[in-house]
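A quick write-up on the structure given underneath.
Please treat every number below as a calculation from the coordinates, not as lab data. Note that the structure is predicted; figures quoted are calculated from it, not measured. Quick reminder, even Gly has a Cβ in these numbers, built from the backbone with ideal geometry, and neighbours come from all protein chains shown.
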Amino acid sequence: MTGLAKIIEDTFPVRGRITENAPLGTMGWFKTGGVAGILFKPADLEDLRSFFAALSAETPVQTFGVLSNTIIRDGGVPGVTIRLGREFAKIEVLEGNRIRAGALALDASVAKTAADAGIAGLEFFSSIPGTIGGALRMNAGCYGTETKDILIEATALDRNGKTHILTPARMGMSYRHTTTPADYIFVNAVFQGQQEQPEIIKAHMAQIKEKRENSQPLRERTGGSTFANPSAEEIARAELPEGTKVWQIIDRAGCRGLMVGGAQMSEKHCNFMINTGTASAEDLENLGEEVRRRVAETFGITLRWEIRRIGEKA
């Protein structure tokens, strides 16, 4: 072990695992991309807090859960990448129809725990590929419900290891966006639901699952929705029908099935980008940018990425 990794291992008071040149890209759902210069997996919250307290403010830091909606660029991720471990995946049922979930808890697991406990309102999480940390960061949502609609509070650490308790208002949550500082790392959150019969909740989740399986390329190497829906104002300026969805715009711009290298906009759902087997991270990002170019040229709409792109190009 050399360089910064050696310094961290020798001098930092941490109990977690430090790995140099970790194959980060292949851990993600796209199964392509570069390495993490240094990957740190904290043992628990206090370990993460100690690490931040000792880390230089100049050292770049990225964090991720299961990399469900992330492109790791082929040149890799410099600095330190933090991967939360199982200590951050705990899910707990609280009084008052509330659920506390760690940032690494899978959205689908949170939905299932709530259903088993007879807590309704979290069913939409069952169709979101990713973790609670990612859902908080981007205000993830689908089928008419967003994370902000059920969120009571989220707990995050800043780069100094200080804890912040954040309400939806303080996080500035809007459609697929929050104003939470980029260097905050979410560690857990509390959600509010309503009491309902478990069988009714599970029937709703089954309907969501069927709809998703019929419309999305779930068995491909994909990262979920690539672009956010344009605003009502953008739709109006483009003289498109009210309520037009981003996939319809992508389709009308001639991008269904469009390929760049081994990357393709899905034939099944053209707002889903897939790795057909040989795509590089550059192929995926270039494909997305080509879709954005064609949509801007055709409709005057600038699509906003939902997929995160981190690291350096090759």
TODO: Treating the Cα atoms of the range 89-200 as identical point scatterers in vacuum, please give the log10 of the normalised Debye intensity I(q)/I(0) at q = 0.12, 0.13, 0.21 Å⁻¹, two decimals.
DONE: -0.36, -0.42, -1.09
Open item on the list: Of all beta bridges DSSP finds with both residues in the chain, what is the antiparallel percent, to the nearest 5?
Closed with: 75
Task: All lysines inside 20 Å of LYS202 as judged from Cα atoms, apart from same-chain residues fewer than 8 positions distant - done: LYS112, LYS211
Task: Calculated from backbone phi, Karplus (6.51, -1.76, 1.60) coupling profile of the range 151-167 in Hz, x at Gly/Pro - done: 7, 8, 7, 10, 10, 9, 10, 9, 5, 9, x, 7, 8, 10, 9, 10, 8
Open item on the list: Test of understanding: ordering LYS41, LYS209 by Cβ neighbours within 10 Å, fewest first, what list do you get?
Closed with: LYS209, LYS41
TODO: Determine the calculated [θ] at 222 nm for the chain from helices alone, applying -39500 (n - 2.57) to every DSSP H run no shorter than 4 residues and normalising by the residue count; nearest 500 deg cm²/dmol.
DONE: -8500 deg cm²/dmol
- [ ] Grab the other residues whose beta carbon is less than 13 angstrom from that of THR302, score K and R as +1, D and E as -1, and report the net.
- [x] +1
Open item on the list: Given the C-alpha atoms of the range 265-314, compute the convex hull and give its volume per residue in Å³.
Closed with: 90
TODO: Restricting to the range 3-86, compute how many DSSP beta bridges are antiparallel as a %, nearest 5.
DONE: 35
TODO: With a Förster radius of 41 Å, plug the Cβ-Cβ distance of ASN160 and LYS313 into 1/(1 + (r/R0)^6) and report the FRET value to the nearest 0.05.
DONE: 0.85
TODO: Within the set of other residues whose C-beta is less than 14 Å from the C-beta of ALA120, count the net charge using Lys and Arg as +1 and Asp and Glu as -1.
DONE: -2
Open item on the list: Placing one identical point scatterer on every Cα of the range 218-310 and ignoring solvent, what is log10 I(q)/I(0) from the Debye formula at q = 0.10, 0.11, 0.24 Å⁻¹?
Closed with: -0.23, -0.28, -1.21
Open item on the list: Taking amide H atoms as placed 1.01 Å from N in the peptide plane, list the residues 5 or more away in sequence, or in a different chain, whose amide H sits under 5 Å from that of ALA105.
Closed with: ILE132, GLY133
Open item on the list: Can you compute the equivalent ellipsoid semi-axes for the chain, i.e. the square root of 5 times each eigenvalue of the Cα gyration tensor, sorted largest first and rounded to whole Å?
Closed with: 31, 27, 17
Task: Net charge contributed by nearby residues that have their C-beta within less than 15 Å of GLY261 (K/R +1, D/E -1) - done: -2
TODO: State the Cα centre-to-centre distance between the range 82-105 and the range 197-253 in whole Å.
DONE: 27
Task: Cβ-Cβ FRET estimate between THR167 and ALA43, R0 fixed at 35 Å, reported to 0.05 - done: 0.75
Task: Whole-angstrom gap from the range 283-297 to the range 108-164, using each part's C-alpha centre - done: 30
